[in-house]
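Working notes, structure below.
The values are calculated or read from the model by the stated rules, or taken from the named source; none is laboratory data. Since we're looking at a predicted model, the values are computed, not measured. All Cβ positions, glycine included, derive from the backbone under ideal geometry; neighbour counts span all protein chains shown. Surface accessibility is based on the protein's heavy atoms, side chains included, excluding ligands, DNA and RNA. Shrake-Rupley method; radii C 1.70, N 1.55, O 1.52, S 1.80 Å.
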Amino acid sequence: MTTRIQYVGNVKLSDLSQRLYVYASAAARKALETPSEVDILGAVQRASAIGEAFEWLTRSAIAKVHPALLAKHTANKASASLVALTGSATTTLPAAELRTVDMSVAVQTVQALYASMTLPAAAVDQVLSVRNAAAHMAMSDADSTHAALVELTALAKILLDAVERSEGDFWGEENLDMVVGLREKRLERLEAAIQMKISAAQARYRELIGDLGAEETARIVALLNSRRGRFYVPPDEEDHAEDCVACPGRAIVTYLRVPADDDALVMREGYVERPVWLVAEALVCPVCALELDDEELASLERFEYSSESEDPIIEDPADDYEPDWKEFSGR
């Protein structure tokens, strides 16, 4: 009988998620330490630790579902990595030969695995850019490192909520006040930035309308609202025309379609219906030119929670099922 190896290197696959979490926690706590002005190596290590904390926590969340989701499919020796991470290898794969997905794929994967999770793209870029400069070029600067740390507090909370781990356990109870304070200041800056965007959009609208009367204004707004949206909308997104938050225009809001869990399946006659939740990703107004991204929208009360799509996923239709056309036609 063939023995299947449940290890990669000297790490047991069932322990991989927890191991990554522990190392992510250690890196996050190191990131909170402020080195002296003359400790150049310490500053670089701190910048690197910020990226390591985010990367390892992301990979921990993925490995919690299944380690094989971390395997890189296109690299040299990719098959060996995939087999090893499924626990199906007949010999132990050395850790140095393991090939895993890069962070761009890992971020996409973790968001696909956990319903309604959205990692702000700007925050991810800030954290990884600071890490890359430190890891590849031994470079860092205090302002960028601090900005990346602030972004890490937000990203870590999203990931910790998804895997049901506490911030106190991850950062250390003794550091929790500092972490929460950093995140609150970040939110204040974000809200201020959103208000500046809205104010600028309102100013553009006033300049556009000028001294026009109500009838002329209505015609201008209607004309701009009639602009076409995207010619192609990916199947995992929906575009909706909704009231703009800055002007009387109808903004195009792009939503990410997130299929509901199996617990929410609805049994119909001859088929199964899976509800789809909508998470706001972007807003663009053709009238005042306001643009808001996913994180900015999530901070607005109107878009704080996901809504249900009117276009659910239809699954498992019976082979002999035929719809009642009279019912569908309303006759």
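Structural remarks
- Cα→Cβ-extended label distance, 7 Å offset, between residue 217 and residue 262, nm: 5.6 nm
- The mean sequence separation of alpha-carbon pairs under 8 Å and at least six residues apart, normalised by the residue count of the stretch 167-277, gives a relative contact order of 15 percent.
- Separation of alpha-carbon centers, the stretch 299-316 and the stretch 3-78, rounded to whole Å: 33 Å
- Taking all protein chains into account, the per residue accessible area for the chain stands at 58 Å² (1.4 Å probe).
- Scaling the Cα radius of gyration of the stretch 177-280 by the globular reference 2.2 N^0.38 Å produces a ratio of 1.58.
- Cα-projected label distance for residue 199 with residue 316, points at 7 Å along beta-carbon direction, nm: 5.5 nm
- Every Cα-Cα pair in the stretch 233-285 was counted, and those over 18 Å apart are 47% of them.
- Binning the alpha carbon pair distances of the chain at 20 angstrom intervals from zero yields the distribution 24, 48, 25, 3, 0, expressed in whole percent.
- Against the empirical 2.2 N^0.38 Å (N residues), the stretch 39-129 has a Cα radius of gyration ratio of 1.23.
- Over the chain, Cα pairs under 8 Å with separation of 6+ residues give a relative contact order of 13 percent.
- For residue 207 and residue 122, a Förster radius of 25 Å and the Cβ-Cβ distance give a FRET efficiency of 0.35, rounded to the nearest 0.05.
- Protection proxy ranking, peptides 120-130, 275-285, average beta carbon neighbours within 10 Å, highest first: 275-285, 120-130
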